[in-house]
Structures are given as structure tokens and as C-alpha cells.
Amino acid sequence: MPLALVKQRFPALQTLRLCGAIAVMASVAACGSSNKGGGSGASGSAAQAGTYKIGKPYKIDGITYTPQETFTLTETGVASWYGPGFHGKSTANGERYDQSDRTAAHRTLQMPAVVRVTNLDNGLSTVVRVNDRGPFARSRVIDLSRTAAQEIDMIGRGTARVRIDQLSTESMTVKEIALGGGGPAEQQQALAQLASGKRAPAAAPAPAPAPVPAPVPAAPPPQVMQASYEPPSPPPAPAQTVYASPPRGNGTPFPAPQSASGAVPPTIASLSATAPPSSAGGFFVQVGAFSTHENAERQRGAVRSYGNPEVSQGSANGRDVYRVRLGPYTTSDAAGIVADRLKRSGYGDARVVAD
């Protein structure tokens, strides 16, 4: 009797095919990441750890670039920008590139460093943190993130003539944070504290010297009556301090001019209610100018979280205006950081003014 042939299925063959498919997918996934400017390829939380890097000299297209630490760089040239094609990939110091952050690539600056980039064609500027290497086109000096490029209005053209001014205090601050292991979030927080006038995390300050006691004036000698018994002349009246305006927020009033008798001229005294607080000088960030005091106070309340806003009265085109200003700041760079923060928050009229 003929034997019946039975076809037997081999589950092992299916298992081998499945394993082969998984291996191919894993291989494709492993090839899906790439770096820009010699990034380390780090990703996830490790990529956001703080790293301070200068780097060794390197050569691209026959040109040798020598990175070096500096805090006083000033440079003029052409800026470009990079966006979606590099979003999420590693930068040269191991961070993740985010096109919505205000960052930049520079060929030789230490990473991180902080610079102000000004578009020489329209005067717009932005402050960025350098965390990458590039660009390597010979005529370009800096590569901006998409958001930074939008702030100086160069997205459409793709490039712009710019001036780079390194912010030394800010660059030293992010260096200290990075050396301590602080990543981009901690560095941005330190810069925000610096912009608001607070001291960024740093080494403990040196103890203040002991106060020197004021000298005690000697007692006046006793008065001697003259032979004619004339009474001694009365002592001069003490000087009177009169202020032309109420004290500022820091408690320091503004002294007004006065005559030898201590009287204040009427023209000065009449200004006591409207003297602008910005008369102390310095750099301010003006958020707006309004025709009514009520609107100015409303704007002042809206920007209170950015500093210490004040309302001052002035005139423009023969009409009274009420200006809302934050400050004063000791440098234009410090005021510029606050102005940039306000612009990013929707206050497009914020600008730096000097008094």
C-alpha cells in the first residue's frame, strides 16, 4: 500500500524570518541619527547636561580653525540660519539642537558663550547662546537658530550682514554654570536672573570690610564775653534739604537746587509731582508711551514681573505722554537682554533708551 506523504510546517523558519526583519529595522534605526559640526551624538537627558568645551584646532575644506576662549569678541560678517533639517540632533557640545531656542553656531568661540547679533540692514538684534560649530561657508561668521533668525528678520533672505558683540558677563556666567554641570535650562535661568538685576549663582562674595567709625567732632571752645558785654552772634541756621521729587523705589530722593538760605526756587518746587524718575541716568527699557496715565499704569502692572517698572511724564509733539520704563541698568547689554525678553513675550515696542 502506498505511503501517504504528509507536508510538515516548520515554525522555526517563520521565527528566522521574523528575526531577520527585526534586525533590518534595528539597523535602519541605528543609521537614522546624524550630527552637525562634529557633535557627539548624545541624545536624551544626557545630551542636555552641562558641558564646557573649547576644542582643538580642526580643518574643513582646507581651512584650519582654532577655537579659543575669549570674552571680548567683536566681529562683522554674514549670518545664515539652520532649522528643520537639524532639529533634535546633537550640537558640537553634546546638547540637542532646538530650532525654537535662541542659540547659534560659531567657528571658534567657546561653548557655551553669549553674544548679541545685530542685523546691520535693519538695526534689529537678538541675544543668543553659542552651543555649536559652524557655519563653514567662507563668507559667513555665525549660524543662527530659526527663532533667532526670525527676530532679526532674515528668514526670507536666508542671510544678513551682522555685527557680533560678545557679552562678557553673560559668557562668564554660563561658563560657571556649565562647569558645574548645569545644562541649557540652568544656563537660561542664570541669564534671566542676571537680566533682572539679580546675582547669578557664583562663588561666595568676599566679606565686607569692617565699618570705620566716624570721627567724633571736638567740643567747641567756650565763648568768652567781650568787655562791652555784647551778646555773641547766633550760630548759622542749619542747611535745609528740599527734594524736587518723591523718593524712588530704592529710597534715594533727588536733591533740588536751593539758594544760600535754603529756599527752593518756585520753578523747581512746582515740578515735584511730575519730575521723571529716570533723571538719575543709566539705561532703561521703554515698554510704551501713552496719552493717559491710566493706560500707562495698566501697562506698568502688566510688565511688573520683568523688573521694576515706573511711569514718568514727558512731552512729545506738544502733548503730554506717560512713559513706562524698567531700570535703570548699568550697561546697555543688560538692558538689551530685558528688552529681548519683552519682545519675545509680545511687547514689540520694547527698546533700550539712555538718560
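The values are calculated or read from the model by the stated rules, or taken from the named source; none is laboratory data. A quick note: this is a predicted structure, and the numbers were derived from the prediction, not measured. Cβ coordinates were reconstructed from backbone atoms using ideal geometry, including for glycine residues, and neighbour counts include every protein chain displayed. Surface accessibility is based on the protein's heavy atoms, side chains included, excluding ligands, DNA and RNA. Shrake-Rupley method; radii C 1.70, N 1.55, O 1.52, S 1.80 Å.
Here are the numbers for the structure shown:
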item: Count of residues meeting criterion [farther than 14 Å from ASP340 by Cα, modelled with pLDDT of 90 or more and open to solvent by 20 Å² or more (accessible area, probe 1.4 Å)] in segment 185-200; result: 3
item: Candidate set from segment 82-128 (those that are closer than 23 Å to ARG161 by Cα and of a type in the set (D, E, K, R)); member that is modelled with the lowest pLDDT; result: ASP121
item: Tally of residues being in a helix (DSSP H, G or I) and of a type outside the set (Lys, Arg) across segment 283-323; result: 10
item: Identity of the residue in segment 81-91, crowded, with 21+ Cβ neighbours inside 10 Å and in contact with a Ser or Thr (Cβ under 8 Å, 6 or more places away or on another chain), that ends up nearest to GLU151 (Cα to Cα); result: TRP81
item: Matching entry among ARG107, ARG138 (being surrounded by fewer than 19 Cβ atoms within 10 Å (Cβ to Cβ) and in a loop (DSSP other than H, G, I, E, B)); result: ARG138
item: Odd one out for THR159, checked against (1) over 19 Å from the mean Cα position of the chain (by Cα); (2) open to solvent by 50 Å² or more (accessible area, probe 1.4 Å); (3) in contact (Cβ under 8 Å) with a residue 60 or more places away in the chain; result: (2)
item: Residue match in segment 203-216 (condition: at pLDDT below 60, open to solvent by 100 Å² or more (accessible area, probe 1.4 Å) and more than 41 Å from the chain's Cα centre (by Cα)); result: yes
item: Matching option when the condition is over 16 Å from the mean Cα position of the chain (by Cα), surrounded by fewer than 19 Cβ atoms within 10 Å (Cβ to Cβ), at pLDDT 80 or above and of a type outside the set (Phe, Trp, Tyr), among ALA354, ALA280; result: ALA354
item: Index of the failed condition, ASP165 passing every other in (1) open to solvent by less than 10 Å² (accessible area, probe 1.4 Å); (2) closer than 16 Å to GLU75 by Cβ; (3) at pLDDT 95 or above; (4) not in a helix (DSSP H, G or I); result: (1)
item: Breaking point among (1) closer than 21 Å to ASP340 by Cα; (2) open to solvent by less than 10 Å² (accessible area, probe 1.4 Å), for GLU170; result: (2)
item: Residue that is farthest from the chain's Cα centre (by Cα) [pool: residues in segment 142-156 that are open to solvent by less than 10 Å² (accessible area, probe 1.4 Å) and within 23 Å of ALA178 (Cβ to Cβ)]; result: ILE142
item: Residues of segment 316-331 that turn out to be open to solvent by 60 Å² or more (accessible area, probe 1.4 Å), more than 19 Å from LEU342 (Cβ to Cβ) and of a type outside the set (D, E, K, R), as a count; result: 2
item: Counted residues, segment 98-116 - those being charged (D, E, K, R) and within 19 Å of ALA339 (Cα to Cα); result: 3
